[in-house]
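Engineer: Have a look at this one before I ask anything.
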Amino acid sequence: MSYKVYLLKHPEAGAYVGKTKSNVKARILSHKSSTNTSTTPIAVAMGKFPFEEWEWETLYERLTEEKAKEIEEYEIATRRPSLNVKIGDKWPEGYSHGGYKNKGNTASDETKEWFKSFHSNRPRKQNYDRTEIIRLYKEEGLTQAAVAKIIGCDQSYISLVVNDKYKINK
């Protein structure tokens, strides 16, 4: 399979160089779709500026993976301002990029302890009496905020119950 090296740029945001073995336009659209889930500079920049303002071009085609990586690293180093975080396949030390890229990585013992502590002290979802919520809201005429205070739950939960998004207990 051959690789391509592409350039994605915006006049105000800067330039991003990437390599892909798929269609370049599909890869650019993938960047666009990650704007709500990623904190990488390219995702943040694409979220700030309209998609129509971005320009892209295929710089090189029909490359081996090794050659594409070499060219990508060179292009990243020569284009400024760069929206690239990593050079080639290497993420900078300590950079948290999150998401699926961490799949298979093992958390440190310190991180595991933090999660264990966090989840053991976290309040669990309660099984609120939906019939009582409906009674207080419809029969007593209380506001959703007042019902939430009495029941001891979030007002959004009350809203879901009274708007029939949850079934009443039987």
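Engineer: Considering only the stretch 1-22, state which residues are out of contact with any strand residue (DSSP E or B) (no Cβ under 8 Å at 6 or more places or on another chain) and either surrounded by 13 or more Cβ atoms within 10 Å (Cβ to Cβ) or under 13 Å from V85 (Cβ atoms) (or both).
Structural biologist: Listed by number, the list holds a single entry, A13.
Engineer: Condition first: modelled with pLDDT under 85 and charged (D, E, K, R). Can you find one or more residues in the stretch 131-141 that meet it?
Structural biologist: Within the stretch 131-141 (the criterion being modelled with pLDDT under 85 and charged (D, E, K, R)), the answer is no, since none of the residues qualifies.
The values are calculated or read from the model by the stated rules, or taken from the named source; none is laboratory data. Just so it is clear, the structure is predicted and the values come from calculations on it, not from any experiment. Here Cβ is always computed from backbone atoms with ideal geometry, including for glycine, and neighbour counts include all displayed protein chains.
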